[in-house]
Amino acid sequence: MRLEPWNEERIEDIVQLWNQEIGASFPMRKELFKQNSFTDENICSPASMIAVDNEGHVIGFVVAKIYQEIEKIDMSRTTGWIQVLLVSRKHRNHGIGSKLLANAETYLKAAGANQILLGRDPWHYFPGIPDKMEETKAWFAHKGYENNGTEHDMIRKYNVNDEVKIPKIGGVEFSVLELKDKELFLDFLHHCFPGRWEYEAIHYFQKGGTGRELAILKKEERIIGFCRMNDEKSLLIAQNVYWAPLFKESLGGIGPLGVDERERGQGYGLAIVEAAISFLRQRGISRIVIDWTGLVEFYSLLGYDIWKTYAAHKKEI
């Protein structure tokens, strides 16, 4: 076995390995893997490696990241991420995963990281270790990673007669963002939700987003709330539609959502989600996923059930 540098020429083999090992629950597409694991400029190249056997076959890999972009966004530059670490089942228990992880930790620390999170990276696949992967959780615990929370994906299937109306609340209006309001929206996020959500929105527009994926809540011409909504026509493959190949019908996604803290306590949060769902339903979407949330009771009010569960893990280095 030897380690090779992270190299997009290996993408076919890497995706094949992914689907061989975990594709039944998390089916990987080449375009998604390229988007999240090759074009993200936060990939820490020396920390990301491919394990190959003596015949040159890919038998494992690790993708590691640390924030490196020049934009002055409130994103930690001392947090490292292990986006994914995967070894072929028949090649486990031979130290391959340990070598991949040790290499990733060494170079993330050299790049300035003082803690490492499993998943949760920009352009992530998971907010933690999928809950059913007990051996994986035990392995990372042995490597010094602490379980520090639980996250969920939730799902609902709508029938033809399940009508979701856009809420009517006095003094506010719900709509799909128009491109002319792009700066108004980014300003809202910068002041109310600096960090990851602002980061995602900036990239959304940089990559050609038109606003169709954003439901907004306006009050006196001010944006006071938003909810992201995704479908198969979205320019980017967003987190809540990653696993769309599991379904025959088109999959939609909701979230994140946020309301200006000065306007909370008036039911706007639930209402903006209902508006986003209504917009997706108008586009013919009957199955909708909400990813990476701990707000189980909140979304259960809208008929959503837990679909997938993840155990968040981190390690101080």
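Hey, among the residues in segment 278-299 that are free of Cβ contacts under 8 Å to residues at least 60 places away in the same chain and not in a loop (DSSP other than H, G, I, E, B), which one's least open to solvent (accessible area, probe 1.4 Å)?
Out of the qualifying residues, it is Leu280.
Please go through (1) within 26 Å of Leu302 (Cβ to Cβ); (2) touching a Gly at 6+ places or on another chain (Cβ under 9 Å); (3) not β-branched (Val, Ile, Thr) for Trp139 and return the number of the only condition it doesn't satisfy.
Among (1) within 26 Å of Leu302 (Cβ to Cβ); (2) touching a Gly at 6+ places or on another chain (Cβ under 9 Å); (3) not β-branched (Val, Ile, Thr), Trp139 violates only (1).
I'd like the residue in segment 151-173 that is of a type outside the set (Asp, Glu) and open to solvent by 80 Å² or more (accessible area, probe 1.4 Å) and, out of all such residues, is nearest to Ile82 (Cα to Cα). Quick ask: steps written out before the conclusion?
Taking segment 151-173 first, the residues of a type outside the set (Asp, Glu) are 152, 154-161, 164-172.
Filter again for open to solvent by 80 Å² or more (accessible area, probe 1.4 Å), leaving 157, 159-161, 165, 168.
Values: Lys157: 32, Asn159: 39, Val160: 41, Asn161: 43, Lys165: 41, Lys168: 44 Å.
By that ranking, first place goes to Lys157.
Tell me which residues, restricted to segment 43-71, are surrounded by fewer than 16 Cβ atoms within 10 Å (Cβ to Cβ) and among the polar types (S, T, N, Q).
Ser45, Asn54, Gln68
Of all residues being aromatic (Phe, Trp, Tyr) and crowded, with 19+ Cβ neighbours inside 10 Å in segment 224-253, which is nearest to Leu270 (Cα to Cα)? Just the residue, please. If you could, list the steps in order and put the result at the bottom.
To start, the set of residues in segment 224-253 that are aromatic (Phe, Trp, Tyr) comprises 226, 242-243, 247.
Narrowing the set further to residues that are crowded, with 19+ Cβ neighbours inside 10 Å leaves 226, 242-243.
Working: Phe226: 11, Tyr242: 24, Trp243: 25 Å.
So the residue we want is Phe226.
One line per residue, one yes/no per condition, for (1) over 30 Å from Arg222 (Cβ atoms); (2) touching a residue at least 40 places away in the same chain (Cβ under 8 Å); (3) open to solvent by 30 Å² or more (accessible area, probe 1.4 Å); (4) not in a loop (DSSP other than H, G, I, E, B):
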position	(1), (2), (3), (4)
Gly255	no, no, no, yes
Gly265	no, no, yes, no
Ile272	no, yes, no, yes
Ala276	no, yes, no, yes
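Mind checking whether some residue in segment 15-28 is without any contact (Cβ under 8 Å) to a residue 60 or more places away in the chain, closer than 26 Å to Lys109 by Cα and either in a strand (DSSP E or B) or among the hydrophobic types (A, V, I, L, M, F, W, C) (or both)? Steps first, please.
Start the filter on segment 15-28 by keeping residues that are without any contact (Cβ under 8 Å) to a residue 60 or more places away in the chain, which leaves 15-16, 19, 23-24, 28.
Now narrow it down to the ones that are closer than 26 Å to Lys109 by Cα: none.
No - not one qualifying residue is present in segment 15-28.
Being of a type in the set (Asp, Glu) and open to solvent by 40 Å² or more (accessible area, probe 1.4 Å): is that true of Asp40 here? Steps first, answer last, please.
Working: of a type in the set (Asp, Glu): yes; open to solvent by 40 Å² or more (accessible area, probe 1.4 Å): no.
Considered against the rule, which asks whether it is of a type in the set (Asp, Glu) and open to solvent by 40 Å² or more (accessible area, probe 1.4 Å), Asp40 comes out as no.
Farther than 24 Å from Ile285 by Cβ, over 20 Å from the mean Cα position of the chain (by Cα) and either surrounded by 13 or more Cβ atoms within 10 Å (Cβ to Cβ) or of a type in the set (Gly, Ala, Ser) (or both) - does that describe any residue in segment 200-217?
Taking segment 200-217 first, the residues farther than 24 Å from Ile285 by Cβ are 202, 206.
Subset that is over 20 Å from the mean Cα position of the chain (by Cα): none.
Looking through segment 200-217, none of the residues is farther than 24 Å from Ile285 by Cβ, over 20 Å from the mean Cα position of the chain (by Cα) and either surrounded by 13 or more Cβ atoms within 10 Å (Cβ to Cβ) or of a type in the set (Gly, Ala, Ser) (or both).
How about segment 131-167: which of its residues are of a type in the set (A, V, I, L, M) and more than 20 Å from the chain's Cα centre (by Cα)? First the steps, then the outcome.
Initially, segment 131-167 is screened for residues of a type in the set (A, V, I, L, M), giving 133, 138, 141, 154-155, 160, 164, 166.
Scanning segment 131-167 gives Ala138, Ala141, Val160, Val164, Ile166.
Of (1) in contact with a Pro (Cβ under 7 Å, 6 or more places away or on another chain); (2) assigned to a loop (DSSP other than H, G, I, E, B), Phe174 satisfies all except one. Which?
(2)
Out of Ser37, Ser25, I need the residue that is out of contact with any helix residue (DSSP H, G or I) (no Cβ under 7 Å at 6 or more places or on another chain), of a type in the set (Gly, Ala, Ser) and closer than 28 Å to Gln206 by Cα. Which one? I'd like the intermediate steps shown before the answer.
Details: Ser25 fails: closer than 28 Å to Gln206 by Cα.
Every option except Ser37 fails the conditions.
Filter segment 97-132 for residues that are touching a Leu at 6+ places or on another chain (Cβ under 9 Å) and over 23 Å from Gln35 (Cα atoms) and give the result.
Gly97, Lys99, Asn103, listed by residue number.
Report every pair of residues separated by at least 6 positions or lying on different chains whose Cβ atoms are under 6 Å apart, first residue within segment 181-196 and within 20 Å of Glu69 (Cα to Cα), second open to solvent by 70 Å² or more (accessible area, probe 1.4 Å) and not polar (S, T, N, Q).
What qualifies is Leu189/Trp197; Pro194/Asp74; Gly195/Asp74.
Being open to solvent by less than 50 Å² (accessible area, probe 1.4 Å) and among the charged types (D, E, K, R) is the filter here, so list the residues in segment 72-119 that pass it.
Scanning segment 72-119 gives a single hit, Glu105.
From (1) under 30 Å from Asp187 (Cβ atoms); (2) open to solvent by 60 Å² or more (accessible area, probe 1.4 Å), pick out the condition that doesn't hold for Gln35.
Result: Gln35 fails condition (2) only.
The values are calculated or read from the model by the stated rules, or taken from the named source; none is laboratory data. A quick note: this is a predicted structure, and the numbers were derived from the prediction, not measured. Cβ sites come from the backbone with ideal geometry, for glycine too, and all protein chains shown count toward neighbours. Calculation scope for accessible area: heavy atoms of the full protein, side chains included, ligands and nucleic acids excluded. Shrake-Rupley method; radii C 1.70, N 1.55, O 1.52, S 1.80 Å.
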